[in-house]
Every structure is written in C-alpha cells, then in structure tokens.
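One structure is given here, and the rest of the page talks about it.
The values are calculated or read from the model by the stated rules, or taken from the named source; none is laboratory data. Since the structure is predicted, the reported quantities are computational estimates derived from the model, not experimental observations. Here the Cβ positions follow ideal geometry from the backbone for every residue, glycine too, while neighbour counts run over all protein chains shown.
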Amino acid sequence: MRQGSAPTPCFAAAKASEGRSAELRLGSHRVSSVTEAPAYDQLGRGYGDVRRPDPRIAARIEAALGDARTVLNVGAGTGSYEPVDRDVTAVEPSAEMIAQRPQGAAPVIQASAEDLPFPDDSFDAAMAVLTVHHWADLGAGLREVRRVTRQRILIVAFDPGALANLWITRDYFPGMLELKRQSPVTSTELATMLSTARSIPIPVPRDCTDHFFAALWARPEMLFDDAVVRPMWVWQSISETARREGRRRLAADLKSGAWDESYGYLREKQDLDVGLRLVVSELG
Ligand SMILES: C[S@@+](CC[C@H](N)C(=O)[O-])C[C@H]1O[C@@H](n2cnc3c(N)ncnc32)[C@H](O)[C@@H]1O
C-alpha cells in the first residue's frame, strides 16, 4: 500500500470510453465528465497531511482484493489504500485531491462514479473507500461500477446505525448523527444494492493514521486540532454554533475529568467497531 505524500499530479493511462463522455487534457491528468466544482476542491485542502492510509485497514482491503490484477479505485482522492503491486486506475472528481496524489501514484482520470469513462468489464475489481456517501446518485454510481467490473467490488463505508453509539456524535455533536441517519448509505442497503454482497466489520485501531472523525474514538483531544477536523466532511455538516457548543462541552468535560470517567476505558482498548464496514460483492 502506498504511504508517500509528495503532492504531484499523475498521468492518466486508462482506457477511455467510446462515446460515453467528452474528454480533454488538463495539466497532467485526463478530465472526463465532471460538471460542477467538486466539494473536495475546498474541503480537501490539507487532506493528504492528516488522512494517511492506515496500514491495518489497508491490509484488509488488500486481502479482499484477492487475485484481482486490474483494479479501479473510484473516489480515489489522494491515493489512500491503492495497492502498489496491481494495475490500478484511479477516478476522482476533485482537482484539489488529484493534486495531492503522491509521485508515482496510479494514473488518475478526473471523473465521477455516476459516469465512468470505461467500456464494460474493463477491470477485475473495483474499490471505493469512504466515498459513496458523497456520490450525487448512489444507484447510478453503483450501476456504473458494476458495469465496468468483472470479478469483485469492494466498498468501505460507514453504517450510520452503528455510529449512534459513538460518544462523539451521541454526546457532543448530535447533528452529525442526524445527517448520517438521513443518508441512504448503510452497509446493509449497499449489500442489497450489490445483490451478492457481504458486509464485514472493520475494527478501527486506537492509533488509526487515517483521521476520519470516528477514528478519534479514544483521542478526544484531537477534535481540537483544526488541521485534523477541517477536512472532515461531517464536521462541515453541522452549524458553526453546534460545533462551538459541542467543543465547549467536550473541553469542559476533559478538564473536569467527566469524559475520562465515562469513556477513559477507551484509551486502553486496541480497536473498536465504530461502524466501518467492508462490503464485498463477488460478481458471477
Ligand atoms: C473522504 S474522501 C476519500 C478519498 C479516498 N478514497 C480515501 O480513502 O482517502 C471522498 C472522496 O470522494 C470523492 N467524490 C465525491 N463525489 C464523488 C463522485 N460522485 N464520484 C466519485 N468520487 C466522488 C471526493 O472528491 C473525495 O476525494
């Protein structure tokens, strides 16, 4: 798995679709079918610095890819979790995220899941990590991923139901939970949409290097680190007032010892099921 971070855009070398979407060259990556400014052009600034792929999560993805030789990574972002020993093609709508892909990362095409610029059955496997909740049309995106994939599809996503028990959302920032509840992305729904899929819990290590918000389950102090929380999508999803109020209460509870009284035991645990799921669909 790739761990580097030099911010260099990569060359696209993947097969273009025939007649599916117009393409043009921009800088050093290929552009295809992105119609509006992607949210991660703003949100993604500094993403690669704080969202380092966690090697333990990476190992699970690597194992689930099985014998796939050609792999499509959809919503690839800065290249986290892309295997280095397979023929990988990345798809990512945000130029900001593409610019942070390390030198030597897989070739990338600027496009969206809902309109993939590849012929049918182009890849052995497709992977989509922590991205499906962003897709404008989840059904269309999954249909496209299915169309271009021959053997297996891997999706890493949160089950919002499981997030309900996490102290971050339940006790301090409940607005995040509401938003997750409204989301159509539960691992069960995904498994149903992908017909033969199975959903496997991924325990999140206490010192997870990929700082998505639930990864801070034993590190409340990091919720005060602006560099860490700024690229978090859920953080942007609640009002400034809700953020300030939640942080104020958390700071007070840390200072008084109330947080440690309730949740200090978490600081001793190695990992926790916070609702992260690996959904694997073996295609017939
Ligand atoms: C939280 S980041 C995850 C990036 C990477 N997979 C990772 O694990 O670090 C979500 C990514 O999904 C991308 N994204 C948003 N909408 C998308 C869409 N419709 N199709 C494909 N990717 C999309 C964003 O631009 C962003 O790079």
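The single residue among Ala76, Ala64, Ala68 that is under 24 Å from Pro205 (Cβ atoms), surrounded by fewer than 24 Cβ atoms within 10 Å (Cβ to Cβ) and among the hydrophobic types (A, V, I, L, M, F, W, C) turns out to be Ala64. A count restricted to segment 72-92 and to residues that are without any contact (Cβ under 8 Å) to a residue 60 or more places away in the chain, within 13 Å of the ligand (Cβ to nearest atom) and assigned to a strand (DSSP E or B) stands at 3. One residue is enough: does segment 170-191 have a residue meeting the conditions modelled with pLDDT of 90 or more and buried (at least 18 other Cβ atoms within 10 Å of the Cβ)? Yes: one or more hits. Taken over segment 254-284, the criterion of being out of contact with any strand residue (DSSP E or B) (no Cβ under 8 Å at 6 or more places or on another chain), part of a loop (DSSP other than H, G, I, E, B) and of a type in the set (D, E, K, R) is satisfied by Lys269 alone. Taking residues in segment 48-60 that are at pLDDT below 95, and partners anywhere that are assigned to a helix (DSSP H, G or I) and more than 9 Å from the ligand (Cβ to nearest atom), the pairs with Cβ atoms closer than 6 Å and at least 6 places apart or on different chains are Val50/Ala227; Val50/Val228. Checking each residue in segment 197-212 for being within 16 Å of the ligand (Cβ to nearest atom), part of a loop (DSSP other than H, G, I, E, B) and either of a type in the set (D, E, K, R) or closer than 23 Å to Gly46 by Cβ (or both) picks out Cys208, Thr209, His211, Phe212. Residues in segment 107-120 that are more than 17 Å from the chain's Cα centre (by Cα) and either part of a loop (DSSP other than H, G, I, E, B) or modelled with pLDDT under 95 (or both): Pro107, Leu116, Pro117, Phe118, Pro119, Asp120. Go through (1) surrounded by 15 or more Cβ atoms within 10 Å (Cβ to Cβ); (2) more than 14 Å from Leu216 (Cβ to Cβ); (3) over 22 Å from the mean Cα position of the chain (by Cα) and name the single condition Trp233 misses. Unmet condition: (3).
Under the condition of being β-branched (Val, Ile, Thr) and in contact with a Leu (Cβ under 9 Å, 6 or more places away or on another chain), which residue from segment 110-153 is farthest from Ala191 (Cα to Cα)? Looking at the filtered set, the residue picked out is Val148.
Could you go through segment 37-47 and let me know if any residue there is more than 19 Å from Arg230 (Cβ to Cβ) and either within 9 Å of the ligand (Cβ to nearest atom) or under 12 Å from the mean Cα position of the chain (by Cα) (or both). Looking for residues that are more than 19 Å from Arg230 (Cβ to Cβ) and either within 9 Å of the ligand (Cβ to nearest atom) or under 12 Å from the mean Cα position of the chain (by Cα) (or both), one finds none in segment 37-47, hence no. Could you tell me whether Ala128 is within 9 Å of the ligand (Cβ to nearest atom) and touching a Pro at 6+ places or on another chain (Cβ under 8 Å)? Against the criterion (within 9 Å of the ligand (Cβ to nearest atom) and touching a Pro at 6+ places or on another chain (Cβ under 8 Å)), Ala128 does not qualify.
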